Amino acid sequence: MLRQRSANRLLLDGKMLVPSEAVAVQNGSEISLCLPGPEGDAFLVFRVLLRDGGSPQSASQGGSQESQHVEPGSQACQRQEPEPKEAVPEIPQLVLECTKLRGCEASTLPKELRQATLKAESDRLFVGRHHQTGFFEGLLGKDHPLLSYISRAHFEVCFAGKGFWEVTNLSHNAILVGQEELSRAGRAAKKLPFEVGFLASFAKAGEDVAGPPEVFLQLVLRSETEAHEPLESRRRTTVSGAVRYMLELGGSAIQAGVPLER
């Protein structure tokens, strides 16, 4: 219903309304606002479009395509279902294990001290003092100066597909991934298991100038199933049905950066 409240003329479909009198409005009707005065012309025109339980008349009778009725079940009324997103593969549980520690034989450390389980955050894994609370302090010591070379979030690991994992350095301190040295924002793709080394420069005895960066802490990133295997089973391979044992050298006398295959 339409009721005129103003003293100025109001037209409904070209007919002047009587003030305070209620008039029924049809779908497609035009309401005209007029200038002041008995002969004032219309300066603004509205068209009424009734929807959701309004007049059953279609807009073709009143003139607008927007108010046309759509039959349930028609193609125009059917909802477009979103295409299913590709499933993101579940990240397996990964374990960090210390295999080299400057000034200490890593193999003599208790298993619970030299290993840390990585927890997935979204689709990524983060390594650093903030994410493995107490792990690096337990290896080096709570107030060890080398802790300053390990950032709170030092690097991240994400699955890159086809068995590869991508490592991104998030720190200003460089790391060694396999044989690749990564500065900040540097990336490298590796297959499990692979080694990540933390670097620092040290001055030799009697010298004030520090030498080139060396690995003071080396971690191996492997799956949780590999980490639970005995160390001896991880250091042997089977060739033509026979077991071949591998001798792995370690200790402070071994030059940093020597490839594992040597």
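Within the range 13-29, the set of residues being open to solvent by 70 Å² or more (accessible area, probe 1.4 Å) and either within 10 Å of residue 2 (Cβ to Cβ) or not in a loop (DSSP other than H, G, I, E, B) (or both) comprises 15, 16, 21. Looking across the range 176-212, the residues that are farther than 16 Å from residue 96 by Cβ, part of a loop (DSSP other than H, G, I, E, B) and at pLDDT below 95 come down to 179, 201, 202, 204, 205, 206, 207, 208, 209, 211, 212. Look at (1) under 25 Å from the mean Cα position of the chain (by Cα); (2) more than 23 Å from residue 92 (Cβ to Cβ); (3) assigned to a strand (DSSP E or B) and you find that residue 173 fails only one, number (3). Within the range 129-138, not a single residue is open to solvent by 80 Å² or more (accessible area, probe 1.4 Å) and among the charged types (D, E, K, R). Taking first residues from the range 41-52 that are modelled with pLDDT of 80 or more and partners that are among the basic types (Lys, Arg), the Cβ contacts under 9 Å between residues at least 6 apart in sequence or on separate chains come to 42/9. Take the residues in the range 223-238 that are modelled with pLDDT under 80 and open to solvent by less than 70 Å² (accessible area, probe 1.4 Å), then tell me which one is farthest from residue 115 (Cα to Cα). Top of the filtered list is 237.
Within the option set 154, 130, 172, 144, being within 27 Å of residue 201 (Cβ to Cβ) and touching a residue at least 40 places away in the same chain (Cβ under 8 Å) holds for one residue only, 154. For first residues located in the range 1-28 and under 18 Å from residue 39 (Cβ atoms) and modelled with pLDDT of 80 or more, partners that are part of a strand (DSSP E or B) and open to solvent by 80 Å² or more (accessible area, probe 1.4 Å) and lie 6+ apart or on another chain with Cβ distances below 6 Å form the pairs 9/16. No other residue among 220, 177 is touching a residue at least 60 places away in the same chain (Cβ under 8 Å) and either closer than 23 Å to residue 105 by Cβ or open to solvent by less than 20 Å² (accessible area, probe 1.4 Å) (or both) apart from 220. Listed conditions (1) farther than 15 Å from residue 219 by Cα; (2) out of contact with any Cys (no Cβ under 8 Å at 6 or more places or on another chain) are all met by residue 123, apart from (2).
Among residues belonging to the range 115-128 that are surrounded by 14 or more Cβ atoms within 10 Å (Cβ to Cβ) and at pLDDT 90 or above, point out the one that is farthest from residue 104 (Cα to Cα). Taking the candidates together, the pick is 125.
The values are calculated or read from the model by the stated rules, or taken from the named source; none is laboratory data. Since this is a predicted model, take the numbers as computed values, not measurements. Cβ: placed from backbone, ideal geometry, glycine included. Neighbour counts: every protein chain shown. Please note that ligands, DNA and RNA were not included when accessible areas were found on the heavy atoms of the full protein model with its side chains. Shrake-Rupley method; radii C 1.70, N 1.55, O 1.52, S 1.80 Å.
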